Amino acid sequence: MEISDKKLIKSKIFFQPLDNIWEAWTTHEGLKKFFGKDNFIELIPGGAFEIYFLMDNPVGLRGSEGCRILSFLPKKILSFSWNVPPQFEDVRNSVYHTWVVIEFIFVSEHATRIMLTHLGWPTDEKWNVVYDYFDKAWDT
């Protein structure tokens, strides 16, 4: 599989202290407050980074099952593998995962910038619809 140099880059300032934003992305309770309906996260390299969005779906089709923490620097960087939503069945069944890097940037005591970079996109054109999906989804 050939990987392109395409990247999705999103940046946003949140008016919360860095500690709060880090906790939101790296703990079970934190993720539940803003991302998905449930999750399983193990903040260790190779640990689970699974976020469940579709609780009525069968296990394996609820969200980011099988995704893993790739690396992290506390309160600076979190990277994880990322799969494809179930509606893109053909691509999801390829078992290939892209990856996401989140940078946590101190702005002030009460503000943190998040820089999200989603990369590792295959050149196969069937991935274009998934790229377009995430280009919109990461904005929310």
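Quick notes on this structure:
- Whole-number D in µm²/s for the chain (Stokes-Einstein; Kirkwood sum over Cα pairs; 10 °C, 1.306 mPa s): 102
- Using alpha-carbon coordinates, inclination of helix 128-137 to the longest axis of the chain, degrees: 30
- Exposed-loop-free span, longest in the chain, where GluC sites (Glu not before Pro) count as exposed if DSSP calls them loop and at most 11 other C-beta atoms lie within 10 Å: 3-108
- Sequence-ordered 3J(HN,Hα) estimates for segment 99-116 from the Karplus curve with 6.51, -1.76 and 1.60 and θ = phi - 60° stand at 9, 10, 10, 10, 9, 9, 10, 5, 10, 7, 4, 10, 8, 9, 8, 9, 10, 10 Hz, glycine and proline given as x.
- Summed over the residues of the chain and divided among them, the accessible surface reaches 57 Å² per residue at a probe radius of 1.4 Å.
- Count Lys and Arg as plus one, Asp and Glu as minus one, and take only other residues whose Cβ is under 15 Å from that of ASP19; the net charge is then +1.
- Sulfur and carbon atoms: percent of accessible area, segment 4-104 [1.4 Å]: 57
- Value of D in µm² per second that Stokes-Einstein yields for segment 65-126, Kirkwood Rh from Cα pairs, at 10 °C (1.306 mPa s): 120
- Zero-based 5 Å bins, Cα pair distances in segment 1-82, whole percents: 3, 14, 20, 23, 21, 12, 6, 1, 0
- Calculated mean residue ellipticity at 222 nm for the chain: -5500 deg cm²/dmol, from DSSP H runs with n ≥ 4 weighted as -39500 (n - 2.57), summed, divided by the residue count and rounded to 500.
- Note on THR117 and LYS37: the extension gain reaches 26.5 nm, defined as 0.36 nm multiplied by sequence separation minus the Cα-Cα distance.
- Candidates HIS28, HIS110, HIS118, ranked by Gaussian network fluctuation over the chain, Cα under 10 Å, top entry: HIS110
The values are calculated or read from the model by the stated rules, or taken from the named source; none is laboratory data. Just so we're clear, the structure is a prediction, and the values are computed from it rather than from any experiment. Don't worry about glycine lacking a Cβ; one is built from the backbone with ideal geometry, like all the others, and counts go over all protein chains shown. Note: accessible area is taken over every heavy atom of the protein model, side chains too, but ligands, DNA and RNA are not part of it. Shrake-Rupley method; radii C 1.70, N 1.55, O 1.52, S 1.80 Å.
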